[in-house]
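One structure is given below, represented as structure tokens, and several questions about it will come after.
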Amino acid sequence: MTFQNTLEFAQQLDSQDELKQYRNEFIFPQHNGKDVIYFTGNSLGLQPKKAKEYVDEVMDDWANLAVEGHFYANKPWWDYQERFAQPLSKIVGAKPSEVTVMNTLTINLHLLMVSFYRPTSKRFKIICEEKAFPSDQYMFQSQVRHHGYNPEDTIVEIKRRDGEHNIRLEDILSKIEEVGDELALVLFGGVNYYTGQVFDMKAIVEAGHKTGAIVGFDLAHAAGNIKLELHDWNVDFAAWCSYKYMNSGPGNASGCFVHEKHHHSNLPRFAGWWGHNKERRFKMEPQFDPVHGADGWQVSNLPILSLAPYLASAEMFAEVGMEKLIKKRDLITAYLEFILHEIDKEIPSAEFEIITPNDRACQLSVYLHGQGRELFDYLMKNGVITDWREPNVIRLAPVPFYTSFEDMYNFGQILKRGILK
Ligand SMILES: *Cc1c(COP(=O)(O)O)cnc(C)c1O
């Protein structure tokens, strides 16, 4: 398709957009009486209108039924997480028994590492990406120390080559092979939060397994954003937060994946009553008998009020399906890229560089060489919500569920004024 940087062209793309009605299903913050241009769905997704309805339903059940809501609520609370099995399994490419929701992301990665990071004196190393999200770095360091190892000898980061913004797959694979039989765990992001680089998870799993290691993923920026085939790729475990692309609300619950092949294993875990055999949970038995599935990693009574908006959102994803979202994602991101290039051509003083590689989803990370913070502030003051990452990067994520092609055009106009100012 040949793009044009005009309002008419953008509106034409919107009129052909088969997801266009979904924009009305979300609530946009207002700027001068108009919807903001929202580029931070990779940080906190917008509120689906349906979320409030689902929360109100829980509040009403609580008011009307109190403790009886556990069994008699419209959506009973005692096994509420099972409502996620169908929609989430479609989104992440899993069997329903392989997914569950609980806790928050870093907590779940810690819990999963209890089961899947089992270092021995010979096999103890962890491979991860350089400059992983800070929470992941703290997690690795504290887990390694918890087992009595030294992070410096244990955590192997895959680095970017000098002058490059992205990690090369060949460097990941060769490092995995090199660490070989000392490698206990590969725990990588699915999509890098800073650059938006999408990693070839299938290849990473194969390489990791070949050395005898376990392979898991932090899918914070991947769930609801890219096509995942966790079961078929033979991923051992994964977790994601739901408040980014999955629009579940601030700090909300995390989803977990545990591959079927581990469901009957004797892996150690930090257990709690919600992971106990469902039929016998309320018999209050002393001996832990885990559910054979991802639900067996559950610990506590479920936070229903936070799961309710997540469920509303997960159902919307399942209704639309990842294929349509990905189709629009690729078109709208390409259009945004086109507009950035047009401005680059048109204005000599525009000095920015898209550091996101071709292996990408909807995020474009733009390195501002000339203008920096000032341009970012100008955008924010003019109704463009984006974010700033040191030293000089803004991240633009046109989320296919609710951003429009017209937003991309309008953004370009505001950006231009900001640069020429
Ligand atoms: C957003 C993000 C997190 C956040 O973890 P929480 O425990 O939900 O605060 C962790 N890892 C990555 C890669 C992220 O992008």
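Of all residues in the range 191-220, which are small (Gly, Ala, Ser) and farther than 14 Å from residue 42 by Cα?
Residues satisfying the conditions are 203, 207, 208, 212, 213, 216.
Now for a separate question. Can you tell me how many residues within the range 210-221 are surrounded by fewer than 24 Cβ atoms within 10 Å (Cβ to Cβ) and near the ligand (Cβ under 10 Å from one of its atoms)?
0
Only residues that are more than 12 Å from the ligand (Cβ to nearest atom) and out of contact with any Gly (no Cβ under 6 Å at 6 or more places or on another chain): list them for the range 232-245, please.
Within the range 232-245, 232, 233, 234, 235 meet the criteria.
So, one more: (1) under 22 Å from residue 225 (Cα atoms); (2) part of a loop (DSSP other than H, G, I, E, B); (3) hydroxyl-bearing (Ser, Thr, Tyr): which one isn't true of residue 349, the others all being true?
Unmet condition: (1).
While we're looking at this one, here's another question. Are there strands (runs of 3 or more DSSP E) fully within the range 137-243 with at least 2 residues that are over 17 Å from the mean Cα position of the chain (by Cα)? List them.
The qualifying strands (runs of 3 or more DSSP E) are 155-158, 183-189, 214-218.
Identify the single condition in (1) within 16 Å of the ligand (Cβ to nearest atom); (2) under 14 Å from residue 302 (Cβ atoms) that residue 83 does not satisfy, given that it satisfies every other one.
Going through the list (1) within 16 Å of the ligand (Cβ to nearest atom); (2) under 14 Å from residue 302 (Cβ atoms), residue 83 breaks only (1).
Okay, next question. Can you name the residue in the range 101-156 that is under 24 Å from residue 301 (Cα atoms) and away from the ligand (no atom under 15 Å from the Cβ) and is also surrounded by the most Cβ atoms within 10 Å (Cβ to Cβ) among such residues?
116
Further question: Quickly run through the range 66-78 and pick out the residues that are surrounded by fewer than 16 Cβ atoms within 10 Å (Cβ to Cβ) and not polar (S, T, N, Q).
66, 67, 68, 71, 72
Does the range 89-105 include one or more residues that are without any contact (Cβ under 8 Å) to a residue 24 or more places away in the chain and more than 30 Å from residue 335 (Cβ to Cβ)?
Scanning the range 89-105 turns up at least one residue that is without any contact (Cβ under 8 Å) to a residue 24 or more places away in the chain and more than 30 Å from residue 335 (Cβ to Cβ).
Does any residue of the range 251-262 turn out to be without any contact (Cβ under 8 Å) to a residue 60 or more places away in the chain and more than 22 Å from residue 91 (Cβ to Cβ)?
No.
Can you tell me which residue in the range 246-288 is farthest from residue 209 (Cα to Cα), limited to those that are aliphatic (A, V, I, L, M) and more than 16 Å from the ligand (Cβ to nearest atom)?
The residue in question is 284.
Please enumerate the residues belonging to the range 322-364 that are of a type in the set (Gly, Ala, Ser) and farther than 17 Å from residue 399 by Cα.
Once the filter is applied, which keeps residues that are of a type in the set (Gly, Ala, Ser) and farther than 17 Å from residue 399 by Cα, the range 322-364 yields 349, 350.
Report whether or not residue 370 is at pLDDT below 95 and surrounded by fewer than 16 Cβ atoms within 10 Å (Cβ to Cβ).
Yes; evaluated as a whole, the condition is true for this residue.
The values are calculated or read from the model by the stated rules, or taken from the named source; none is laboratory data. The model shown is predicted, which means the values in this text are computed figures rather than measured ones. Cβ sites come from the backbone with ideal geometry, for glycine too, and all protein chains shown count toward neighbours.
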